[in-house]
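I have placed the structure first, in the form of C-alpha cells, so that the comments after it can refer back to it.
Read the figures in this text as sums done on the coordinates, not as results from a lab. Everything numeric in this text was worked out from a predicted model, so none of it was measured. With ideal geometry, Cβ positions are generated from the backbone for all residues, glycine too; neighbour counts draw on all protein chains shown.
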Amino acid sequence: MQDFKGKNAVITGAGSGIGRGMAIAFARAGMRIVVSDIERAAAEAVAGEINAEGGKAVTAVTDVSRLDNVKALADTAAKAFGPVHVLCNNAGVMIQRRGTDATHQDWLWVLGVNLWGVIHGMEAFLPGMRAHGQEAHIVNTASMNGIFPSAYSALYSTTKYGVLGLSETFANELKGSNVSISILCPGAVATRIQQAERNRPKDLAPSTPAGAHERISIYDVSPPLDPVLVGDQVLNGMRHKQLHIFTDMKVAPYVQARHDRMMAEFEVLADWEKRRA
C-alpha cells in the first residue's frame, strides 16, 4: 500500500500508547480513523486530537476479548466510513506477575485480550476486507517477546508467540489476495501497558492474591520510543509490505543469537544420526 490518503483504518487499543501513535500517524497520512478502545474517554481524546488537526476520526468502545464487541466495531466502521482498508489488531495487556505465580484468571484475561482479541479481529474484519476487493492491510501487534522469550512474563510471551504464528500463517494463506499482513514487533515504547490492570474485568479478578514481581530484562534495548514515531514506522512497513515490522536496531543481535542457538541444536541431531547409522 503506497497511497494512504482517503483510506479507512480501524485501530484497537487506540486510546493510548502504540495504538494512539498509529492513529495520529495514519491520520496525518490522510487516513480516516476509527479509534477503538475499552476506555471511552481515552478514545474520545485521541479522536479529538485527530479532528482538531483537520483529520477525520470516530470512536468505538470495544472489549476485544468479546467477539460480539469486535463485530459491532466492524459495523461501526462500515457505517462511519465504508470499506476498511487497514486493520490494526493492537489492543494488549500485561500483568506484573510471572507465569509461575499466575492464577487461572490471569491467564484468561491476558490470552483473552492479547491473543483472542487478534483472532476476533480476523474473524470480524477479514471476510469484509476480502469481499470489497480493494487493497487492504492488517497489522497485528506482537512484541519482541514473540520472537525471543521474556525473562519476566510467561503469560505475555505466550500470547505474543501466538500472534506471531497466527499472523505468519495467515500471510501464507492470503498470498496473492488483496489483503496483506504485517506483524508489529516493537521494542521499548512509551506506553501505559504496565498499568493495564486498570481495565481488568471484575469477573476475571485473581481468585487468590499474587504479589507483583519487579520487572526485569535480560536484553539491552534502546530507550522507549515515541508512539507516533512507531506509527510512522508502521506506515513505512506497510509501504514495503513487510511481514515483520521492527522498531529498534539494537534487538537485531538477539534475533540472530536465537537463530544461531537453534541451528547449533541441529548439530546435536546430526551427531546423533551419525552415531546411530
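Available extension along the chain between Glu135 and Asp260 is 41.3 nm, counting 0.36 nm per residue and deducting the alpha carbon span. With coordinates expressed along the principal axes, the C-alpha atoms belonging to the range 95-199 extend over 46, 24, 24 Å, beginning with the largest. Partner aspartates and glutamates whose Cα lies under 14 Å from the Cα of Lys160, excluding those fewer than 8 positions away in the same chain, are identified as Glu168. Put simply, the range 23-116 fits an ellipsoid with semi-axes of 29, 15, 11 Å; these come from the alpha carbon gyration tensor as the roots of five times its eigenvalues, largest first. In order along the range 87-93, phi translates into HN-Hα couplings of 10, 10, 7, 10, 4, x, 9 Hz, rounded to whole numbers, per the Karplus curve 6.51 cos²θ - 1.76 cosθ + 1.60 with θ = phi - 60° and x for Gly and Pro. Ignoring aspartates and glutamates fewer than eight residues from Lys274 along the same chain, the ones with Cα atoms less than 19 angstrom from its Cα are Glu265.
Dividing the Cα radius of gyration of the range 158-277 by its Kirkwood radius returns 1.07 for Rg/Rh.
Of Lys7/Lys79; Lys7/Lys241; Lys5/Lys56; Lys7/Lys56, which ones are farther than 18 Å apart at the Cα? Over 18 Å Cα-Cα: none of the listed pairs.
Placing a pseudo-label 7 Å from each Cα along the Cα-to-Cβ vector at His240 and Asp226 gives an inter-label distance of 2.1 nm. Averaging 1/r over each pair of different alpha-carbon atoms in the range 8-250 and inverting the result gives 17.9 Å, the Kirkwood hydrodynamic radius.
Sequence-ordered 3J(HN,Hα) estimates for the range 8-13 from the Karplus curve with 6.51, -1.76 and 1.60 and θ = phi - 60° stand at 10, 10, 10, 10, 8, x Hz, glycine and proline given as x.
Residues whose amide H lies under 5 Å from that of Ile11, counting only those 5 or more places away or on a different chain, are Val34, Ser36, Cys88; hydrogens are built 1.01 Å from N in the peptide plane. The calculated FRET efficiency for the pair Glu267 and Leu108, based on their C-beta separation and a Förster distance of 35 Å, comes to about 0.30.
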